[in-house]
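Engineer: Structure in structure tokens, see below.
Each value in this text was obtained by applying a stated rule to the coordinates, not by laboratory testing. Bear in mind that the values here come from a model prediction, so they are computed numbers and not experimental data. Backbone-built Cβ (ideal geometry, glycine too); neighbour counts: all protein chains shown.
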Amino acid sequence: MVKEVNLEQMLADAQENFTTGYMCSESVLDVLNRHYELGIGDEAIAMSTGFPYGFGDGGNVCGAVAGATMALGKVFGRTVKGDPAYEKCIRLVRELNDDVHAEYGSSICPELIADYEFATPERKTHCTGIVYACVKSFAKIMERECGIAVK
């Protein structure tokens, strides 16, 4: 992992991802992986493809929140059964979810985009803000928990 990240560059890269072909979950996971050097392979980006629109348009959690959750899991998750590390991971994921909820009133995709026609630029702009919120929350958590400076 890195010692420092540039938040403005991460946000610019997230917007570029989100406006040129990646969906929200892919955009967030890719940017966090690249900027934090998490070592997540392309297969994980592919695994995140089904998360947008509330998990395959299922009316559930926002894909950007899901992508950031995957990145938190990479850093704080467990690979050994019974490892109590899950407790910290769950707490940090909840913090990220709460950060998005505090800013947008929800982290559930259909609630977040209820006031927008899906295929409009206004909805895309609104969702870009949610992508930003996820990147910022992740950066805040990583700075506090791992000492990775945010400039």
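Engineer: For V31, are the conditions met, namely being farther than 26 Å from E122 by Cβ and of a type in the set (V, I, T)?
Structural biologist: Values: farther than 26 Å from E122 by Cβ: no; of a type in the set (V, I, T): yes.
Spelling it out, it is not the case that V31 is farther than 26 Å from E122 by Cβ and of a type in the set (V, I, T).
Engineer: Please work out if A102 is of a type in the set (G, A, S) and more than 15 Å from V61 (Cβ to Cβ). Explain how you work it out, then say what you get.
Structural biologist: Working: of a type in the set (G, A, S): yes; more than 15 Å from V61 (Cβ to Cβ): yes.
Judged against the criteria, A102 is a match.
Engineer: If you check V135 against the conditions, is it buried (at least 20 other Cβ atoms within 10 Å of the Cβ), hydrophobic (A, V, I, L, M, F, W, C) and in a helix (DSSP H, G or I)? Write out each step before concluding.
Structural biologist: Working: buried (at least 20 other Cβ atoms within 10 Å of the Cβ): yes; hydrophobic (A, V, I, L, M, F, W, C): yes; in a helix (DSSP H, G or I): yes.
Considered against the rule, which asks whether it is buried (at least 20 other Cβ atoms within 10 Å of the Cβ), hydrophobic (A, V, I, L, M, F, W, C) and in a helix (DSSP H, G or I), V135 comes out as yes.
Engineer: Just the residues that are surrounded by fewer than 20 Cβ atoms within 10 Å (Cβ to Cβ) and either in a helix (DSSP H, G or I) or within 15 Å of the chain's Cα centre (by Cα) (or both), please, taken from the stretch 41-59. Before the answer, list the steps.
Structural biologist: First pass over the stretch 41-59, keeping only residues surrounded by fewer than 20 Cβ atoms within 10 Å (Cβ to Cβ): 41-47, 49-50, 53-59.
Scanning the stretch 41-59 gives D42, E43, A44, I45, A46, M47, T49, G50, Y53, G54, F55.
Engineer: Any chance you could count how many residues in the stretch 1-17 are part of a helix (DSSP H, G or I) and surrounded by fewer than 23 Cβ atoms within 10 Å (Cβ to Cβ)? Walk me through how you get there before you give the answer.
Structural biologist: The first filter runs over the stretch 1-17 and keeps only residues part of a helix (DSSP H, G or I), leaving 7-17.
Going one step further and asking which of them are surrounded by fewer than 23 Cβ atoms within 10 Å (Cβ to Cβ), we end up with 7-13, 15-17.
Counting residues in the stretch 1-17 that are part of a helix (DSSP H, G or I) and surrounded by fewer than 23 Cβ atoms within 10 Å (Cβ to Cβ) gives 10.
Engineer: Okay, moving on. Looking for whichever is under 12 Å from the mean Cα position of the chain (by Cα) and at negative phi here; the options are V75, V93. Which one fits? Give the derivation first.
Structural biologist: Values: V75 fails: under 12 Å from the mean Cα position of the chain (by Cα).
Sole residue among the options that is under 12 Å from the mean Cα position of the chain (by Cα) and at negative phi: V93.
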